[in-house]
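The values are calculated or read from the model by the stated rules, or taken from the named source; none is laboratory data. Small disclaimer: the values here were computed from a predicted structure and weren't measured. In this analysis, Cβ positions are derived from the backbone assuming ideal geometry, glycine residues included, and neighbour counts consider all displayed protein chains.
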Amino acid sequence: MFTNILIAVDGSDLAPKAIEEGVTLAQKTGARITALTVSEPFHTFSMDPEAVEDTREEHEKHMQERSYKTLSAVSDAARQAGVACETVIKEDEHPYQAIVDTAKSRGCDLVVMASHRRHGLDGIIHGSETLKVLNHCDIPVLVG
């Protein structure tokens, strides 16, 4: 059914659900996993208090550490389930675009991701990366 499942994770509290669903599906279908996390590039001006405190080097180090930690959760779960897993770190201003591009370039036939289900002002300000993936991806998307 599926041969290569992209699991897009951001390190949030919702990521473990996407990991569990994606790994279980890969194990049951014999698919391999491509695990992806996307970090935003360094900005001199930012609304994120954490980003304002960092220098470019500190930001890059912090993002790299966070990315490795986030992806290790996927690779560990895949290893325990006996599923092949490749990890990918991308930096992009628009995470949804990095997800869509990676799914296409890596030959994925399913994208698995969690949704923060942002509403109201938070939804307007931050938008929904999941909704953007759903709108721009021609590959099936499983949202947990």
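Odds and ends about this structure:
- Checked against the criterion of being within 16 Å of Val83 (Cα to Cα), at pLDDT 95 or above, aliphatic (A, V, I, L, M) and touching a Gly at 6+ places or on another chain (Cβ under 6 Å), the stretch 3-11 has at least one qualifying residue.
- Sole exception among (1) surrounded by 13 or more Cβ atoms within 10 Å (Cβ to Cβ); (2) in contact (Cβ under 8 Å) with a residue 24 or more places away in the chain for Lys69, by number: (1)
- Selection count where residues are within 12 Å of Ala26 (Cβ to Cβ), in a helix (DSSP H, G or I) and under 12 Å from the mean Cα position of the chain (by Cα), scope the stretch 67-114: 1
- Test: Ser46 is among the hydroxyl-bearing types (Ser, Thr, Tyr) and modelled with pLDDT under 85: yes
- Check on Ser115, modelled with pLDDT of 90 or more, of a type outside the set (Lys, Arg) and surrounded by 15 or more Cβ atoms within 10 Å (Cβ to Cβ): no
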